[in-house]
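Chemist: A single structure is presented below for examination.
Read-outs: derived from the displayed coordinates by stated rules, not from any lab. Since this is a predicted model, take the numbers as computed values, not measurements. Methodologically, a virtual Cβ is constructed for each residue, glycine included, from the backbone with ideal geometry; neighbour enumeration extends over all protein chains shown.
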Amino acid sequence: MSFLTPVSPSIKSLDTGGRVVHAGSFSKSIFPGLRLGWLVGPEPFIREARALRAQVLRHPPGQLQRTAAHFLSLGHYDALVNRMKSAFRKRRQAMEEAIVQEGLKVAGQGGFGGSSFWMEATRYIDTEELALRLRAEGVLIEPGRVFFHPGTERRNYYRLAYSSIPVGKIAEGIGLVAKAMRSF
């Protein structure tokens with residue numbers, strides 16, 4: 001059973017009226033402190049965005065910009081992204097297999113890419129309490145209550161991330177999640 005869905009084209013690639021802006025950054029792929037990113041969009045929008053940025057922050061230091069440009073020009077960024085995609089694909093597959101093996105429930109259909117699964121526990125499990133129990137065993141989950149509109153919170157949803165977990169530890173961690181749920 002696979003939770004992966006086919007890759008959809010980017011919204012920007014479908015834009016024929018110049019109304020979509022594509023924004024990106026190197027914060028997750030290289031490192032957060034770099035604070036460099038990009039915008040792709042209509043020229044009038046870019047002009048206004050530059051003016052706004054100039055009011056808030058003149059520009060990132062030139063040395064950082066030149067270093068990032070050199071890193072990109074040598075193809076290191078593309079190689080890094082390809083290695084990350086491969087690693088994330090393996091981790092996602094390991095997480096997916098462990099979820100199925102342990103009988104946990106994925107909320108929704110999953111999707112292509114990303115770095116986590118949105119999960120649903122049985123209605124009587126409070127995932128904030130579950131998170132505390134699991135933390136004591138070295139397993140971190142993100143309780144889902146904060147992702148709901150105030151007054152409509154559901155305490156039995158949670159998020160399982162895999163981007164920084166070694167493949168060999170994923171099944172063990174999912175097993176601990178399932179065991180903790182059974183103890184409720």
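Chemist: Divide by every residue of the chain the summed helix terms, -39500 (n - 2.57) for each DSSP H run of at least 4, and state the resulting mean residue ellipticity at 222 nm, rounded to the nearest 500 deg cm²/dmol.
Modeler: On the way: 6 runs with 82 residues, N = 184.
Roughly -14500 deg cm²/dmol at 222 nm, from the helical runs in the chain.
Chemist: Starting with the highest mean, order 127-137, 155-165, 53-63 by the number of other Cβ atoms within 10 Å, averaged over the residues of each peptide.
Modeler: Values: 127-137: 15.3, 155-165: 18.1, 53-63: 9.4.
Final packing ranking: 155-165, 127-137, 53-63.
Chemist: Normalise the Debye intensity by I(0) for the range 114-169, one equal point scatterer per Cα, no solvent, then take log10 at q = 0.21, 0.28 Å⁻¹ and round to two decimals.
Modeler: -0.81, -1.16
Chemist: I would also like to ask the following. Pop the C-beta distance of R154 and R182 into the FRET formula with R0 = 25 Å and round what comes out to the nearest 0.05. Mind showing how you got there, number by number?
Modeler: On the way: r = 20 Å, r/R0 = 0.81.
The computed FRET efficiency comes out at 0.80.
Chemist: Mind giving me the FRET efficiency for A79 and A161? R0 is 25 Å, r the Cβ-Cβ distance, nearest 0.05 is fine. Before the final figure, lay out each step's value.
Modeler: Numbers: r = 24 Å, r/R0 = 0.96.
Efficiency, from the Cβ-Cβ distance: 0.55.
Chemist: Treating cross-link reach as a plain straight distance, find the lysines whose alpha-carbon is under 28 Å from the alpha-carbon of K179, omitting any fewer than eight places away in the same chain.
Modeler: The reachable lysines, counting only those whose Cα sits under 28 Å from K179, are K90, K105, K169.
Chemist: Under 22 Å Cα to Cα from K12, which lysines show up? Leave out anything in the same chain fewer than 8 places away.
Modeler: Filter leaves K28, K85.
Chemist: Continuing with the same structure: With bins 5 Å wide starting at 0, give me the P(r) of the range 20-74 over every alpha carbon pair, in whole percents.
Modeler: With 5 Å bins starting at 0, P(r) equals 4, 16, 22, 26, 20, 10, 1.
Chemist: Please find the FRET efficiency linking R58 to K28, where r is the Cβ-Cβ separation and R0 is fixed at 35 Å, and quote it to the nearest 0.05. Kindly include the intermediate steps, with their values, before the conclusion.
Modeler: Working: r = 24 Å, r/R0 = 0.69.
After rounding, the FRET efficiency stands at 0.90.
Chemist: Taking 7 Å along the Cα-to-C-beta vector as the label spot, tell me the S115-F45 distance in nanometres, rounded to one decimal.
Modeler: 2.5 nm
Chemist: State, in angstrom, two size descriptors of the chain derived from its alpha carbons: Rg to one decimal place and Dmax to the nearest whole number.
Modeler: 20.5, 58
Chemist: Checking a compactness column here: for the range 12-121, what do you get for Rg(Cα) / (2.2 N^0.38 Å), N being the number of residues? Before the final figure, lay out each step's value.
Modeler: On the way: Rg = 18.9 Å, N = 110, 2.2 N^0.38 = 13.1 Å.
Normalised Rg, Cα atoms only: 1.44.
Chemist: Once you have the Kirkwood Rh of the range 86-150 from its Cα pairs, apply Stokes-Einstein at 20 °C and 1.002 mPa s and quote D in µm²/s.
Modeler: 162 µm²/s
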